[in-house]
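Since the structure comes first, as structure tokens, the remarks are kept for the end.
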Amino acid sequence: MRAHLQKKKRECHSRLCYGPSMESILIGVAAFAGGALLWLPFEYGLHLSFHVLKGKGFASRAHLDHHVHASWHFDPIITLAWLGVVLFGIGFSFALAAITSTVFGIAFGAGWTVGYFFYEWHHRQSHLRGPRNRWEAWLRKNHFQHHFGHPMKNQGVTASIFDRLFGSYDMPEKVKVPRRLAMPWLFDSEGNLLAEYQDDYEIVGTSTSTDERQRQIDKARAYASRTPEPV
Ligand SMILES: [Zn+2]
Ligand SMILES: [Zn+2]
């Protein structure tokens, strides 16, 4: 018995028995990355479905209303979407843990959930502040072409792989942005388009505000996945 314990102790020293094994860590990292990558077809498919459904159902309405304003602000109702995503991620974890292993299941579900919040954060940021690197500059141009150029194109926000695969990727030389819906970070304090964005964006229309009549027109066009009018 004593000899057995001593043998085990020697093995533990050589295999790091006191923490998770290297194999578990590698499985966890790979499963997390796989879950995060699996978010991408969801990002593409869910976004496309919101446009195809034309306002049928809460999620489609919430997204098309986002197109009406083309801005981001915290609406408490968004917490329902966050809760839904977290519950779905937990469900993913349990289902996969049952058929694979606990480590794989938890890491995969966590990766998928983090993938969603990565998207959510960068979508929010794109509306609120200018880019800080080339990828953020691409993300903004890609996403605002979706808002102001072709709402049925560029369904992917953080990656374009599925748009390229299904022929819905659209990247013009310049994105035409209606002045009244433009992101505030495009302008200097006098309302002129900042020089650093002039290669990628063009401001169209002269109106700087939206009255109720225009809001109704914007809503009808957004719900039909048509571009907002430059007025
Ligand atoms: Zn947006
Ligand atoms: Zn959209």
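Figure legend. Inter-residue proximity from the range 133-160: first residues closer than 18 Å to Gly45 by Cβ and in contact (Cβ under 8 Å) with a residue 60 or more places away in the chain, second residues away from ligand 1 (no atom under 12 Å from the Cβ) and small (Gly, Ala, Ser), beta-carbon distance below 6 Å, spacing 6+ or different chains. Indicated pairs: Pro151/Ser225; Met152/Ser225. Of all residues in the range 81-101, those that are of a type in the set (S, T, N, Q) and assigned to a helix (DSSP H, G or I) total 1. Here Arg140 fulfils each of the conditions (1) within 14 Å of ligand 1 (Cβ to nearest atom); (2) farther than 25 Å from Ser60 by Cβ apart from (2).
Phe50 fulfils the conditions (1) surrounded by fewer than 16 Cβ atoms within 10 Å (Cβ to Cβ); (2) out of contact with any Phe, Trp or Tyr (no Cβ under 8 Å at 6 or more places or on another chain); (3) at pLDDT 95 or above except for a single criterion, (1).
When the residues of the range 164-175 are filtered to those that are under 20 Å from Tyr201 (Cβ atoms) and not basic (Lys, Arg), which remaining residue is surrounded by the most Cβ atoms within 10 Å (Cβ to Cβ)?
Going residue by residue through the range 164-175, those that are under 20 Å from Tyr201 (Cβ atoms) are 169-175.
Checking which are not basic (Lys, Arg) leaves us with 169-173, 175.
On the way: Tyr169: 17, Asp170: 16, Met171: 15, Pro172: 12, Glu173: 7, Val175: 22.
So the residue we want is Val175.
Name the residues in the range 28-61 that are part of a helix (DSSP H, G or I) and over 15 Å from the mean Cα position of the chain (by Cα), would you?
We begin by selecting, within the range 28-61, every residue part of a helix (DSSP H, G or I); these are 28-52, 58-61.
Selection gives Gly28, Val29, Ala30, Ala31, Phe32, Ala33, Gly34, His51, Val52, Phe58, Ser60, Arg61.
Among the residues of the range 19-55, those that are within 15 Å of ligand 2 (Cβ to nearest atom) and not hydrophobic (A, V, I, L, M, F, W, C) comprise Glu43, Tyr44, Gly45, His47, Ser49, His51, Lys54, Gly55.
Working carefully through the options Thr227, Thr210, find the one that is in contact (Cβ under 8 Å) with a residue 60 or more places away in the chain, surrounded by 13 or more Cβ atoms within 10 Å (Cβ to Cβ), outside any helix (DSSP H, G or I) and of a type in the set (Val, Ile, Thr).
Working: Thr210 fails: in contact (Cβ under 8 Å) with a residue 60 or more places away in the chain.
After ruling out the rest, the residue left standing is Thr227.
The values are calculated or read from the model by the stated rules, or taken from the named source; none is laboratory data. Fair warning: this is a prediction, and the values are worked out from it, not measured in the lab. So basically every Cβ, Gly included, is an ideal-geometry build from the backbone, and we count neighbours across all protein chains shown.
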